[in-house]
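See structure below.
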Amino acid sequence: MKVAGQWNANGTTTVTSITRVAIHPSGRWLYVNGTTLQVFAVNTDGTIGASLGSYAYSIFNLVVDPSGKWLYGLHTSSTSTIYQFAIDPVAGT
């Protein structure tokens, strides 16, 4: 059965045990939390681009503030720890 407006994947990127994703307000970077925190470029056509880095943080919930300057997340084993990461406005990391 074909559903009107059905989406088709334009590509895939594999990340182990994804729990959350967040997009930067500029649309240029995608933050993905799995077993590590990973940052991906977002191509001008909206597809996921190259990995820009992987960081040894496992975070539950990801939020980028509306200004795009900060990424926040909760520590996975303790909801009493909140991480705050400064986002480089040029690199996205």
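Just a few scattered comments:
- Test for THR81: is it open to solvent by less than 40 Å² (accessible area, probe 1.4 Å) and of a type outside the set (Gly, Ala, Ser): no
- Pick from region 59-78, criterion open to solvent by 80 Å² or more (accessible area, probe 1.4 Å) and under 18 Å from SER17 (Cβ atoms), ranking: modelled with the highest pLDDT: PHE60
- In region 9-26 there is at least one residue that is modelled with pLDDT of 70 or more and more than 17 Å from GLY73 (Cα to Cα).
The values are calculated or read from the model by the stated rules, or taken from the named source; none is laboratory data. Computed from a predicted structure; not experimentally measured. For neighbour counting, all protein chains shown are included, and Cβ atoms are generated from backbone atoms with ideal geometry for every residue, glycine included. Heads up: the accessible areas ignore ligands, DNA and RNA and are worked out on the full protein's heavy atoms, side chains in. Shrake-Rupley method; radii C 1.70, N 1.55, O 1.52, S 1.80 Å.
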